[in-house]
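Since the structure comes first, as structure tokens, the remarks are kept for the end.
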Amino acid sequence: FGKYQSGTGIVQAESCILCPEGTYQSLTGSAGCLGCSSGKYQTGLGMANWLDCRDCSTGTYQSGLGMTMILNCLLCEPGKYQTGLGVEDNTRCLACKAGTYQTG
């Protein structure tokens, strides 16, 4: 788990490679790793479960796959907010109500 091997005819378990940051692999016998989904990031090597991918925090969103750091989670623009975890795009950032504001 958490490793892959894309070659053929490999004879040693040590030849299996740890999945890189931003990815995971929960199956044995895999030829590659899966990227963490949108709204998530992951900083470790050799992760074996999608649960190892962390949610972007409230007030942020992230639309890419396989992100490797919290800095990949982008802030909602000024005048908008969002209260959820793991938000996948900026359309979930809501406009502040009339009579209120938010500077970012």
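The values are calculated or read from the model by the stated rules, or taken from the named source; none is laboratory data. Bear in mind the structure is a predicted one, so any value in this text is a computation, not a measurement. All Cβ positions, glycine included, derive from the backbone under ideal geometry; neighbour counts span all protein chains shown. The area values use the complete protein model at the heavy-atom level, side chains included, leaving out ligands, DNA and RNA. Shrake-Rupley method; radii C 1.70, N 1.55, O 1.52, S 1.80 Å.
Structural remarks
- Using a probe of 1.4 angstrom and keeping all protein chains present, the accessible surface of the chain works out to 64 square angstrom per residue.
- Simple rule: put +1 on each Lys or Arg Cβ and -1 on each Asp or Glu Cβ in the chain, find the dipole, and look at 38, 91, 57; the Cα lying farthest toward the positive end is 91.
- Region 10-104, accessible surface, carbon-and-sulfur percent (1.4 angstrom probe): 57
- The magnitude of the dipole of the chain, with charges of +1 and -1 set on the Cβ of Lys/Arg and Asp/Glu and taken from the Cα centre, is near 240 debye.
- Where no second cysteine Cβ lies under 4.7 Å, the cysteines concerned in the chain: 16, 96
- DSSP bridge analysis restricted to the chain gives an antiparallel fraction near 100%, rounded to the nearest 5.
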